[in-house]
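Here's the structure we're looking at; comments come further down.
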Amino acid sequence: MGRTTSRRDIIPLTTPEALTVSKIWNLWLPKYIPESVYKALDNDNVTKFRMELLFAIAAPIPRCVQYIVGETRKYFHTLADSNNNMLEVIDSKALEVFYTQSYDDLEEKYYGIRKCTVLPKHARKILFEQDIPLDNDLTKMITNSFLINSLDFISDDTTLCPKTSILSLKIFTKDKPELYWRSIRVAIEKLEELFSEEPNKVKLGQYLEAAVRGLINARLYVLMQLAAEAKFQNKESLSVTISELLLLTDRSSIKGASRKLRSRLSHDFLVPPNKDTLDEVVLSDSYNTMKRFLSNANVAPGISGDILELKPVPDQECFDYGLLFSSGIDGKPFAVFIDAKSGRQRRSEFTDTKIVSETGLPISVDVNTNSFQGDFDLADLPKNGKQALHLLKIANTAKTLDPAKVKKGSMLEALQEDSYLYIYVNTTESASSFAVNDHVMQLGETDSKCLLSFLLDSYRLVRTASTRAQALDEKERNAEGNE
């Protein structure tokens, strides 16, 4: 160090935000497990893909990769016969062992993550993937591995989009009272619950539904917390759009969307200043008793402007999850219905760094192009739009009821006024984002996986860990080959 200002160039040494999965596989793993086992794994595409996805989850924290490799080494050391079918050897039980044991080691040695100060303003930027000025709290989050950002330049005006990982969140959110962190924790626990099931009992899409619900609720809860703080400080109220909740940054990606549908995606809904859980509207099965379903839907918010969560009968209704908003201008209700469709996660897919940055893992073929040409219709939707058609039927039935008996601000009013949106979240390979009419749209593969944010790789791992899912994939591929 000199006493004067040096004119020599200073070249920063920047570490990546995550290790490259292909390097973990090619350079790290083969040094710790028997050569014959490594070759068997490397030659089994499905098993290899499962392991790569597990490494992708751990890649942001290199020490956790070390723990997983160590657990893999111990696993094959104690395994009596390593010459079995690798798909049977590396089943969901084995993946669960690698994941849970590695997490326990990480939690014990990375206790600094739990001590980080993460204010609501930070949580908002993490959950919505928005830029924020670098401050001392963010710096400590990076130092303690709660955030995985890699900074190559630091100054008074440095900004960053704070990035985290599912493992960091699992450690941090343990026993956290904030509703937004609890929502994320529940989604993570759903992943672990599915890990503990037998592979052939995993219900396809089950985790996708939990992930979508957990992420959107968490985004709403952190905004509600900030709205409460703004009200206390006599500041401006907060608003949110459907696009923001879905992390849909480019509405033009929804091909064929009408002006009215695009307007609904970008419409501002006031966020209520509330620190409590969302009130629920519990709905009966509309397929069995439409009258009771619509009667349940005739419930208005207890407090004007509150957001209600719509709770359908699990696995039986035409949607998995819904929300009822109130317009900030006239208080009119607006309903959103979401149906999650678990898609194919094939090993032969190409890399899309927009979705999984620096993991080296593939996403799909031609995810940024449309599978269809020309106009879109219900036949282009999953199962020919059967679920959306039923929702349209519900709305048409609602219009036959006496408006005088419909409560203001209720879901029933939203249906009568055509103030609703039905969204398919479809992660299927090469699925497009498009709209059919003013009320129905699909988030295709790219947009739906962006919605999943830091939960994407864990969802994909659950999907590929399922032997039932793999059997369905094989059946579908064989059917395609015979056409």
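Shown here is the pair-distance distribution of the range 169-274: with all Cα-Cα distances grouped in 10 Å bins from zero up to the longest one, the shares run 13, 31, 31, 19, 5, 0 percent. Checking the cross-link pairs Lys109/Lys170; Lys291/Lys393; Lys170/Lys341 against a 19 Å limit on the alpha carbon distance flags Lys170/Lys341 as lying beyond it. Its Cα gyration tensor gives the range 53-124 an equivalent ellipsoid. The semi-axes, each the square root of 5 times an eigenvalue, are 31, 13, 9 Å from largest down.
Take peptides 126-139, 219-232 and line them up by average Cβ neighbours within 10 Å, highest first, as a rough protection proxy. List each step's numbers first, then the result.
Details: 126-139: 15.9, 219-232: 20.4.
Put in order of decreasing packing, that is 219-232, 126-139.
Straight Cα distances below 16 angstrom link Lys48 to the lysines Lys23, Lys39, Lys93, with same-chain residues fewer than 8 positions distant left out. Packing order of peptides 266-277, 433-444, highest average first: 433-444, 266-277 (average count of other Cβ atoms within 10 Å over each peptide's residues). In terms of its C-alpha gyration tensor, the range 216-297 comes out oblate, because a/c is 1.5 or above while a/b does not outweigh b/c. Listed by chain and number, the lysines placed with their C-alpha closer than 19 angstrom to that of Lys121 are Lys140, Lys163, Lys176, Lys231, Lys235, Lys275; residues fewer than eight positions away on the same chain are left out.
Mean sequence separation of contacting Cα pairs (under 8 Å, at least six apart), scaled by the length of the range 113-172, corresponds to a relative contact order of 44 percent.
Taking amide hydrogens as placed 1.01 Å from N in the peptide plane, the amide H of Tyr420 sits under 5 Å from those of Ala335, each at least 5 positions away in sequence or on another chain. Positive contributions from Lys and Arg (+1) and negative ones from Asp and Glu (-1), summed over other residues with Cβ under 15 Å from the Cβ of Tyr103, come out at -4. Taking the Cα centre of the range 21-109 as reference, the dipole from Cβ charges on Lys and Arg (+1) and Asp and Glu (-1) amounts to some 320 debye.
Values in this text are rule-based calculations from the coordinates and carry no lab data. Predicted, not measured: the structure shown is a model, and the values here were computed from it. In this analysis, Cβ positions are derived from the backbone assuming ideal geometry, glycine residues included, and neighbour counts consider all displayed protein chains.
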